[in-house]
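> Okay, here's the structure, questions in a sec.
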């Protein structure tokens, strides 16, 4: 059984947070400037996806042709957008999440725009509600996933909480991503900081390290190469039945499985989850700001919001948008995920990642 490339990318969700050195470059449209009246350019991470007919309807109704520039993983794309903000590659950026939001806002990446339909989005998702520099588009949960077959074969109850992961019976079973290079890895770190506090999370990670946690660079390697419950893991004879991934990973295994299984082969340890919110923003110095505003309005339209779950494996933020039954059946959102104030993330993120790196990787 294998999952298509599309599904693999979508389950990745928000991608890596690597910060490479990049040179500035301007927008390009193969001969047609995005400053013209007909083209609007969306810059995003590689997880962007939309159904062709949904995008075509927007282009027809708005009069704008949408050009999509996929620019690597989430953190890499954010960093490049910051470095090129004076001469941006496009008009709208999609893909900055709550773990990296302060970095984008502090660097002046976006200009204010209050999207149409914002009143249909719960205030808990509107983390920049005073200035409207970003608009919430979707949310998802970073959670530990488990290989159902492994735990059934070994007559072992799957873990259900962060505390469980440091118990002897789960020794050498978990693989996670590097918090300095991966968004799910960073989210998992923030989840432990939220649960155990500023003083307790390091002690937790000491115990997790002593219990044999394995750390790899990113989600792709963790999920498709190390995790025994994924389609890729089965093919690679992976030996880790626990992985830091998303609550939406089980439905992806079902929906894009080949052949398609009747039940999800993986489950979610709900007591390990951390909530991510993803945003779009009108880039500072955007050449086609009017087209950019129209595109942001489209991203929070009911049609796009209802198209998202089976394309990007995330949940819509618009209250009236429905979610396909097959998505919620195999991957319901976490009931009580850990969260953290963006201001606190901004104050401590770099410090925590540095401490985590010294503690876990050395």
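Here, each number is a calculation from the coordinates, and none is a lab measurement. Note that the coordinates shown come from a computational prediction; the quantities given were computed from them, not determined experimentally. As a convention, Cβ positions derive from the backbone with ideal geometry for all residues, glycine included, and neighbour counts pool all protein chains shown.
> Whole Å is fine, so just give me how far the alpha carbon centre of the stretch 180-240 lies from that of the stretch 287-362.
Distance between centres, Cα-based: 19 Å.
> Most fluctuating residue of 71, 119, 97 in a GNM of the chain with Cα springs under 10 Å: which is it?
119
> Measure off 7 Å from each Cα along the Cα-to-Cβ vector at residue 119 and residue 163, then give the distance between these two points in nanometres to one decimal.
With each label placed 7 Å out from Cα toward Cβ, I get 4.6 nm.
> Let me ask you something else. Going by a ≥ b ≥ c, the root eigenvalues of the Cα gyration tensor, does the stretch 56-128 fall in the rounded group (a/c under 1.5), the prolate group (a/b larger than b/c) or the oblate group?
Verdict is oblate for the stretch 56-128.
> Ranking 361, 127, 162, 174 by Cβ neighbours within 10 Å, fewest first, what do you get?
361, 127, 162, 174
> Given that just one value was derived from the coordinates, which of [x] 24.6; [y] 20.7; [z] 22.0 is Kirkwood radius over Cα pairs in Å?
So the structure-derived entry is [y].
> Can I ask one more? Would you calculate the separation in nanometres between label points at residue 260 and residue 320, each defined as 7 Å from the Cα along the Cα-to-beta-carbon direction?
Here the modelled spin labels are 3.0 nm apart.
> Tilt of helix 183-210 relative to the longest C-alpha principal axis of the chain, in degrees (0 to 90, nearest 10)?
The helix 183-210 is inclined about 30 degrees to the chain.
> Please compute the volume of the convex hull spanned by the alpha-carbon atoms of the stretch 155-232 and report it per residue in Å³.
Given the Cα convex hull of the stretch 155-232, per-residue volume reads 91 Å³.
> Further question on the same structure: Using the Cα gyration tensor of the stretch 175-330, with a ≥ b ≥ c the square roots of its eigenvalues, what is the shape: rounded (a/c below 1.5), prolate (a/b larger than b/c) or oblate (neither)?
oblate
> Okay, moving on. What do you get for Rg/Rh of the stretch 87-184 when both radii come from the Cα atoms and Rh is the Kirkwood radius?
1.14
> So how do 52, 234 line up by other beta-carbon neighbours within 10 Å, fewest first?
So the residues, fewest neighbours to most, are 52, 234.
> Length gain on complete extension for the stretch residue 172 to residue 130, per 0.36 nm per residue less the alpha carbon to alpha carbon distance?
Residue separation times 0.36 nm, minus the Cα-Cα distance, leaves 10.5 nm.
> Could I ask something else about it? Fewest to most neighbouring Cβ within 10 Å: what's the order for 143, 273?
Ascending number of Cβ neighbours within 10 Å: 273, 143.
> First measure r as the distance between the Cβ atoms of residue 155 and residue 198, then evaluate 1/(1 + (r/R0)^6) with R0 = 45 Å and state the FRET efficiency to the nearest 0.05.
Step by step, r from the Cβ atoms, then E = 0.70.
> If the chain between residue 38 and residue 86 were fully stretched, how many nm would it gain, using 0.36 nm times the residue separation less the Cα-Cα distance?
Difference between extended and current length: 15.0 nm.
> In addition: Show that you can apply the helix-only estimate: for the chain, add -39,500 (n - 2.57) for every DSSP H stretch of four or more residues, divide by all residues, and state [θ] at 222 nm to the nearest 500.
Estimated from H runs of four or more residues: -10500 deg cm²/dmol.
> Where both partners of a DSSP beta bridge lie in the chain, what percent of those bridges are antiparallel, to the nearest 5?
About 65 percent, rounded to the nearest 5.
> Suppose the chain between residue 285 and residue 51 were pulled fully straight at 0.36 nm per residue; how much longer would it get relative to their current alpha carbon spacing?
The residue 285-residue 51 span can extend by a further 81.4 nm.
> Continuing with the same structure: Taking only Cα atoms, what is the 0 to 90° angle, nearest 10, from helix 52-62's long axis to the longest principal axis of the chain?
30
> With each pseudo-label sitting 7 Å past Cα toward Cβ, what's the residue 207-residue 60 distance in nm, one decimal?
Those two pseudo-labels are separated by 5.8 nm.
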